[in-house]
Amino acid sequence: MTTAALFGCAYVAIVTIDPACGTSDPNDRLKKVVASAEAASANPPLELFPMEITKVEPVALSERLRVSGEIRPFNQATLRARSGGRIVQSDIREGQAVNAGDVLVRFEVEDLHSVLKQKVADRQGAMAGLLLAMQSLARIEQLAGKNVASQEQLEEARSEVGVAKGRLDSLSAQVEIARIALRDAEVLAPFDGTVSKLFVGRGARVGADAELLTLVDASPMEAKLLVSTRDVSRVVIGQKAELRIDGFEQQTIQGTVARISPTAEENSRSVAVYVRLAREDPGLRGGLFVTGAILVRQAEDAIAVPIASLRQDGDGVYVLKLFDDVLVRQPVTIISSWHDDETAQILGLVRGDVIVTAPLRELHPSLAVRMTEAG
């Protein structure tokens with residue numbers, strides 16, 4: 001076979017093996033290969049900087065609500081006069097510690113004793129009158145049984161007994177009132193505490209329901225915090241709080257939400273939240289201003305990513321995960337958002353996954369990338 005015949009056979013074989021090339025000659029196909037290589041070299045893998053990716057690690061998430069308010073004694077009472085009179089004893093002073101049952105204020109009692117004696121005497125007279133009325137009724141009932149007394153006389157005697165009973169009951173109540181007034185002439189401390197304010201002194205004459213003094217129990221303290229109506233729904237009893245006293249920022253006080261007011265403060269869009277303080281510090285004083293935060297929620301060992309790293313298409317939410325220098329579509333499920341919607345707690349990623357956090361539009365699944373040093 002001649003050389004020309006062999007070359008012709010080889011040419012036919014090449015055309016037959018690569019039908020995609022049609023009937024073009026090898027020079028055309030070579031041009032296409034070269035053009036493809038040039039195109040590949042013109043579109044190298046996209047470079048990513050370290051700040052544009054992140055390695056997933058479990059973290060502790062927490063959200064705190066900033067609050068402010070004041071320190072208040074847990075127990076506080078303003079004692080008032082039950083009835084008017086002249087004060088004959090008031091030896092206490094503001095800032096003085098007292099014990100439960102101590103006499104704080106004593107009123108003049110001579111007139112009260114006289115009133116009580118008069119009421120007791122009146123009651124005794126009423127008891128004698130009732131006894132006579134009952135004896136008279138018994139006689140008339142006997143006579144009525146013998147048809148000697150009329151029915152009218154019988155009804156009258158029964159009426160007199162009823163009147164006598166009513167008078168006795170009224171005077172007995174007045175005696176009890178007089179005794180209570182005499183007992184209330186001594187104002188006793190309802191609990192151990194400290195006199196915060198004193199409104200009266202010895203020799204003063206006051207009317208009924210007049211303010212006498214304010215007593216506080218400073219051993220357990222609480223903070224009254226004002227929370228906006230927009231945020232109060234996030235606060236529940238039992239949440240932890242961390243507070244600092246104005247002027248003593250280095251001192252941190254821990255507390256627990258104990259009560260939440262059912263109504264907003266008058267002329268305010270805030271609701272009072274009461275935090276029981278855990279530390280009994282003798283340096284705490286009622287009225288001190290405090291600032292701090294309430295821990296409204298937290299999550300331990302959470303998988304969280306920046307909101308900016310989340311993408312969405314027709315199949316749902318996903319992130320771009322780096323795998324063997326190629327971006328792959330990784331579906332995720334959002335559990336909740338944190339940090340003012342800057343962070344999302346998700347399912348679908350595990351410790352060690354590397355994802356793209358930069359919201360670059362040119363990034364897409366199957367894109368080849370490579371890391372480069374910043375700067």
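The values are calculated or read from the model by the stated rules, or taken from the named source; none is laboratory data. The structure displayed is predicted, hence computed values, not measured ones. Here the Cβ positions follow ideal geometry from the backbone for every residue, glycine too, while neighbour counts run over all protein chains shown. Surface areas here come from the heavy atoms of the whole protein model, side chains and all, with no ligands, DNA or RNA. Shrake-Rupley method; radii C 1.70, N 1.55, O 1.52, S 1.80 Å.
Just a few scattered comments:
- Which listed residue, of Leu143, Leu61, Leu46, is open to solvent by less than 60 Å² (accessible area, probe 1.4 Å) and farther than 30 Å from Thr372 by Cα: Leu61
- Residues that are open to solvent by less than 70 Å² (accessible area, probe 1.4 Å) and among the hydrophobic types (A, V, I, L, M, F, W, C) were ranked within the stretch 64-75; the one that is farthest from Ala181 (Cα to Cα) is Leu65.
- Candidate set from the stretch 148-161 (those that are open to solvent by less than 40 Å² (accessible area, probe 1.4 Å) and in a helix (DSSP H, G or I)); member that is modelled with the lowest pLDDT: Leu154
- Output for the stretch 179-193, where each listed residue is open to solvent by less than 30 Å² (accessible area, probe 1.4 Å), assigned to a loop (DSSP other than H, G, I, E, B) and in contact with a Lys or Arg (Cβ under 8 Å, 6 or more places away or on another chain): Ala185
- When Gly247 is tested against the conditions (1) over 12 Å from the mean Cα position of the chain (by Cα); (2) modelled with pLDDT of 85 or more; (3) surrounded by fewer than 12 Cβ atoms within 10 Å (Cβ to Cβ); (4) not aromatic (Phe, Trp, Tyr), the lone failure is (2).
- Verdict on Ala164 being surrounded by 14 or more Cβ atoms within 10 Å (Cβ to Cβ), part of a loop (DSSP other than H, G, I, E, B) and without any contact (Cβ under 8 Å) to a residue 60 or more places away in the chain: no
- Residue satisfying all of: in the stretch 76-88; surrounded by fewer than 16 Cβ atoms within 10 Å (Cβ to Cβ) and among the polar types (S, T, N, Q); modelled with the lowest pLDDT among these: Gln76
- Which numbered condition Leu132 fails, given (1) under 23 Å from Val109 (Cα atoms); (2) open to solvent by 40 Å² or more (accessible area, probe 1.4 Å); (3) aliphatic (A, V, I, L, M); (4) assigned to a helix (DSSP H, G or I): (1)
- Yes/no for Ser261 being without any contact (Cβ under 8 Å) to a residue 24 or more places away in the chain, open to solvent by 50 Å² or more (accessible area, probe 1.4 Å) and not basic (Lys, Arg): no
- Filtered residues of the stretch 278-327 (kept if of a type in the set (Lys, Arg) and in contact with an Asp or Glu (Cβ under 8 Å, 6 or more places away or on another chain)): Arg297, Lys321
- Residue count, the stretch 314-351 (criterion: open to solvent by less than 30 Å² (accessible area, probe 1.4 Å) and either in a loop (DSSP other than H, G, I, E, B) or β-branched (Val, Ile, Thr) (or both)): 5
- Conditions (1) open to solvent by 50 Å² or more (accessible area, probe 1.4 Å); (2) assigned to a loop (DSSP other than H, G, I, E, B); (3) at pLDDT 50 or above; number of the one not met by Gly101: (1)
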